[in-house]
2 protein chains.
Amino acid sequence: MAISANKVVKIGLVGLGKIAVDQHIPALRGNPGFELVAGCSPNARPDGIPAYPSMEAMLAAHPEIEALAICTPPQVRHRIAKDALATGRHVFLEKPPGATLGEAEVLRSFAAEKGVTLLASWHSRFAPAVSLTRAWIAQRKLKSMHIVWKENVRQWHPGQAWIFAPGGMGVFDPGINALSILTAVVGDAVIVKKADLHIPVNCDAPIAVEMEMTTAQGVPVRADFDFLQENLQTWSIFAEAEDGGKLSLGMGGAILEIDGQPVMKEAEREYPGLYAHFHELIASGASDADFAPLRIVADAFMLGKRIAAPEYIE
Amino acid sequence: MAISANKVVKIGLVGLGKIAVDQHIPALRGNPGFELVAGCSPNARPDGIPAYPSMEAMLAAHPEIEALAICTPPQVRHRIAKDALATGRHVFLEKPPGATLGEAEVLRSFAAEKGVTLLASWHSRFAPAVSLTRAWIAQRKLKSMHIVWKENVRQWHPGQAWIFAPGGMGVFDPGINALSILTAVVGDAVIVKKADLHIPVNCDAPIAVEMEMTTAQGVPVRADFDFLQENLQTWSIFAEAEDGGKLSLGMGGAILEIDGQPVMKEAEREYPGLYAHFHELIASGASDADFAPLRIVADAFMLGKRIAAPEYIE
C-alpha cells in the first residue's frame, strides 16, 4: 500500500551492533523521512536510543513503529525478518538477505503476501561511482573484469566469531559487496566457473577465495578475495573494454578512474542512499529483493575446491 | 512454437555413458513420439546407434535432428546445452541442470529467448507413487518428514571419478533425486537450516550428509544421505501427519505404504514418463525448468559444516 512521498516513517532497529551504530543510526538521523523510534538487542545499549531486549518487547512498547531494519548476524536474520513481516511492518534487511537462498526467497514471497515493502539491501550498490560505472559498461563491449577485494578481518570484524561459523560466509561477507556491484553494473547474468576456497583448519568458511566467473555473453570476470590483508586495504573493480578503454573503481566504489584519469572521488554515503531508496519503495508500495550476489556465493560453495589454510586465531 | 501432439520428434543423444545406455536409449525406443537418430561421445560406442565424436559432427551428419538429450557429466553440461540451444534444438537436460544455479538460470533464459523447449529433468519425480504421495500430503497437515537415501557409490557409479570432483556434488548426486521428490510433493518452499557435510580427505564433495530442513510453514524435514551403504540399499521418504497418518515411499518412489498398508508397488518407469513429458512440452511449446532441488544443494554447501571423512578409494 503506497503512502505519501513526504510522510515520516516510524522505524525500529533490530540488532544494535557495529553496523547499526556506525551506519544505520547516523543515516536514519540524517533522513527527515524517518523517525528512529527505538532499537533492540540482547545486550547492546548504544547512547541516545531507547533500547529493548527483544523485537517483541520493542513493538509492545512502540506499536506505532511501521518499519524495521534488521541488522543482526545472518544466522538469526531469517526468523526475525519473518516475524517482522508477520507483524505487517516494512522490512529493511541488511546484507546478505539470508544464510541461504531458500530463506531469502521465502522472505520475498512472504512480503508480497503481506503487501509490505522488503528491501534486501546491498549497500555497495549505493557507492558514489557505481552509476557511472554501469553507464560506462553499457556503452562498450567488455573484454574482461577483475575484482580485488582485500581487507583485514581483525580490523573490520573484531569479535565477530560468527563470520567463520557455518553460514557466516567468511571472506564472502565483504566479497559479496563486490559481487553486488558486479551484478548491478554488468547488465548480464554472472556464472561461477571455478572457485578455490581457502578455509582455515579451525573454521567453516573461507579466509581467501580466487574465483573465475563469466558473464552469460562470455566475458571473463576474475575475483580475488583476501581477509588477511595488512596495511593498504583494497576494494577495487577493474574493467577493460574491447576498444582498449579501461575503468578502475576504487575504495569500494568511492573513486573512479577512466583511462587512467580521475573522474570521481567522493565521500562514502551508502547508507543515506539506501534509506532514501527504502523510503521511496515504501512510498510506492514496492519491494527490491534481488538475490544474484548471494546466488553467486552459493554457487561458489557448491562448485568450489576446498583448500586447507592455516588456523585462524583472532 | 507448438507442434502436433502425434508428430515424431527426431532426437540425438549427447553423451553415451551409463545413464544413456541404461535409461535414455530404451525409453526413446519405447516411445513412438521420438525417433532416435544418432548419438555422440568422445569414446563410447554403444551397439545399434550411429555414434559421432562430437555434437557438431553429429548435427553436421544429421541436420534433421530437432531435439537433443544431454546426458554428459554436470561439469561440461552447460557449454553443450548452450550450444545445443543456440542451434535452435529443443533440449532435454539430465539432472542436475548445471554445476551451478547460475548456469541453470542462463539456460532457462536462453531457451526462452530462442523459443525452444527446455526440460530440466528430475527423473525421480516420475516414479510411480509420487503423484499419490503429493495428493496424500495435500489433504493433511504435515507434522514431519524424513528422507533416508543410502546407496553404494561403488555399485552405482563405477569409474565415475567426476562425482567427487568440485561440482560433482558427491552424495548429493543421488540425494538430489530425493530432494526433487520432496520439492514436488510438499507444496511449500524448503529451507536448509543445518547440514553436516562429511567430505573424504582426498575428495571435494561429501560422501555422507545429515541435513535439517524446514518448509516455509515450519514443518521439519530431516535428510540422511550415505554413499557407502553396503547390502540393502535404501531410497525412502517418510511423512507423518498431525492426524497420526503415516506415509512411507520406498525404492525411490516405486513402493508406497500408507498407515502400514501397502498401496502401490510398481516397476520403475521414470524415463518413459520423462520422455512422454518432454514430448508434451515440445508439442505445446512450453518448458519445465524448476531448479528448487539444486538450490537446496547449493544452500547446503553454503551453510554446511565440513567434517573430514576417511579417504575414499574406489
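The values are calculated or read from the model by the stated rules, or taken from the named source; none is laboratory data. All figures in this text were calculated on a predicted structure; none of them were measured in a lab. Reconstructed Cβ throughout: ideal geometry from the backbone, glycine too, with neighbour counts over all protein chains shown. Side chains included, ligands, DNA and RNA excluded: accessible areas come from the protein's heavy atoms. Shrake-Rupley method; radii C 1.70, N 1.55, O 1.52, S 1.80 Å.
A few remarks follow.
- Check on B:ALA195, within 12 Å of chain A (Cβ to nearest Cβ), open to solvent by less than 10 Å² (accessible area, probe 1.4 Å) and in a strand (DSSP E or B): yes
- Residue in the stretch A:300-310 that is β-branched (Val, Ile, Thr), touching an Asp or Glu at 6+ places or on another chain (Cβ under 9 Å) and within 14 Å of chain B (Cβ to nearest Cβ) present: yes
- Test: residue in the stretch B:141-161 that is in contact with a Phe, Trp or Tyr (Cβ under 8 Å, 6 or more places away or on another chain), in contact (Cβ under 8 Å) with a residue 40 or more places away in the chain and on the phi > 0 side of the Ramachandran plot: no
- Against the criterion of being assigned by TED's automatic domain parsing to the domain that holds A:ALA20, polar (S, T, N, Q) and open to solvent by less than 10 Å² (accessible area, probe 1.4 Å), A:THR100 qualifies.
- Subset of the stretch A:260-270 (residues that are among the small types (Gly, Ala, Ser) and either without any contact (Cβ under 8 Å) to a residue 12 or more places away in the chain or open to solvent by less than 70 Å² (accessible area, probe 1.4 Å) (or both)): A:GLY260
- Condition met for A:GLY30 (on the phi > 0 side of the Ramachandran plot and open to solvent by 10 Å² or more (accessible area, probe 1.4 Å)): no
- So A:PRO46, is it in contact with a strand residue (DSSP E or B) (Cβ under 8 Å, 6 or more places away or on another chain) and either in a loop (DSSP other than H, G, I, E, B) or not basic (Lys, Arg) (or both): yes
- Selection over the stretch B:143-159 of residues that are in contact with a Leu (Cβ under 8 Å, 6 or more places away or on another chain) and not in a helix (DSSP H, G or I) gives a count of 3.
- A:THR72 more than 14 Å from chain B (Cβ to nearest Cβ), crowded, with 21+ Cβ neighbours inside 10 Å and part of a helix (DSSP H, G or I): no
- Any chance B:ASN152 is surrounded by fewer than 20 Cβ atoms within 10 Å (Cβ to Cβ), within 26 Å of B:ILE313 (Cβ to Cβ) and either within 14 Å of chain A (Cβ to nearest Cβ) or in contact with a His (Cβ under 7 Å, 6 or more places away or on another chain) (or both): no
- Residue in the stretch A:264-272 that is more than 30 Å from B:ALA104 (Cβ to Cβ) and either assigned to a strand (DSSP E or B) or in contact with a strand residue (DSSP E or B) (Cβ under 7 Å, 6 or more places away or on another chain) (or both) present: yes
- Taking the numbered list (1) under 30 Å from B:LYS194 (Cα atoms); (2) open to solvent by 20 Å² or more (accessible area, probe 1.4 Å); (3) among the charged types (D, E, K, R) in turn, A:GLU64 passes all entries but (1).
- Of B:LEU118, B:LEU132, all but one fail to be crowded, with 20+ Cβ neighbours inside 10 Å, away from every other protein chain (no Cβ under 14 Å) and at pLDDT 95 or above; the exception is B:LEU118.
- Inspection of the stretch B:37-53 identifies no residue that is farther than 21 Å from B:GLU268 by Cβ and in contact (Cβ under 8 Å) with a residue 40 or more places away in the chain.
- Looking only at the stretch B:277-290, and only at residues there that are surrounded by 15 or more Cβ atoms within 10 Å (Cβ to Cβ) and in a loop (DSSP other than H, G, I, E, B), the one that is farthest from the other protein chains (Cβ to nearest Cβ): B:SER287
- For the stretch B:161-183, the condition of being more than 23 Å from B:GLY98 (Cα to Cα) and either open to solvent by less than 10 Å² (accessible area, probe 1.4 Å) or at pLDDT below 95 (or both) holds for none of the residues.
- Members of the stretch A:27-52 that are in contact with a helix residue (DSSP H, G or I) (Cβ under 8 Å, 6 or more places away or on another chain) and under 16 Å from A:HIS279 (Cα atoms): A:ALA27, A:LEU28, A:GLY30, A:ASN31, A:GLY33, A:PHE34, A:LEU36
Per-residue answers, yes or no, for (1) open to solvent by less than 40 Å² (accessible area, probe 1.4 Å); (2) closer than 16 Å to B:ALA309 by Cβ; (3) within 14 Å of chain A (Cβ to nearest Cβ); (4) modelled with pLDDT under 95:
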{"position": "B:ALA216", "(1), (2), (3), (4)": "yes, no, yes, yes"}
{"position": "B:VAL221", "(1), (2), (3), (4)": "yes, no, yes, no"}
{"position": "B:ASP224", "(1), (2), (3), (4)": "yes, yes, no, no"}
{"position": "B:PHE227", "(1), (2), (3), (4)": "yes, yes, no, no"}
{"position": "B:GLN233", "(1), (2), (3), (4)": "yes, no, no, yes"}
{"position": "B:SER236", "(1), (2), (3), (4)": "yes, no, no, no"}
{"position": "B:GLU242", "(1), (2), (3), (4)": "no, no, no, no"}
{"position": "B:LEU247", "(1), (2), (3), (4)": "yes, no, no, no"}
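This table checks each residue for (1) within 24 Å of the chain's Cα centre (by Cα); (2) open to solvent by less than 10 Å² (accessible area, probe 1.4 Å).
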residue	(1), (2)
B:GLY17	yes, no
B:ASP22	yes, no
B:ALA38	yes, yes
B:PRO42	yes, no
B:PRO50	no, no
B:ALA86	yes, no
B:ALA104	yes, yes
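- Residue within the stretch B:71-86 that is within 25 Å of B:ALA178 (Cα to Cα), of a type in the set (Val, Ile, Thr) and out of contact with any Ser or Thr (no Cβ under 7 Å at 6 or more places or on another chain) present: yes
- Only one entry in A:GLU257, A:GLU210 is within 14 Å of another protein chain (Cβ to nearest Cβ), without any contact (Cβ under 8 Å) to a residue 24 or more places away in the chain and open to solvent by 30 Å² or more (accessible area, probe 1.4 Å), namely A:GLU210.
- Considering the conditions (1) outside any helix (DSSP H, G or I); (2) within 13 Å of chain A (Cβ to nearest Cβ); (3) not aromatic (Phe, Trp, Tyr), B:ALA112 is excluded by exactly one of them, (1).
- Boolean, A:GLY88 is part of a loop (DSSP other than H, G, I, E, B), free of Cβ contacts under 8 Å to residues at least 24 places away in the same chain and at positive phi: no
- Residues satisfying the stated conditions in the stretch B:166-186, i.e. small (Gly, Ala, Ser), more than 13 Å from chain A (Cβ to nearest Cβ) and part of a loop (DSSP other than H, G, I, E, B): none
- Selection count where residues are more than 30 Å from B:ALA165 (Cβ to Cβ) and crowded, with 17+ Cβ neighbours inside 10 Å, scope the stretch A:291-314: 0
- Of the residues in the stretch A:89-96, at least one is within 14 Å of chain B (Cβ to nearest Cβ), under 28 Å from B:ALA300 (Cβ atoms) and open to solvent by less than 40 Å² (accessible area, probe 1.4 Å).
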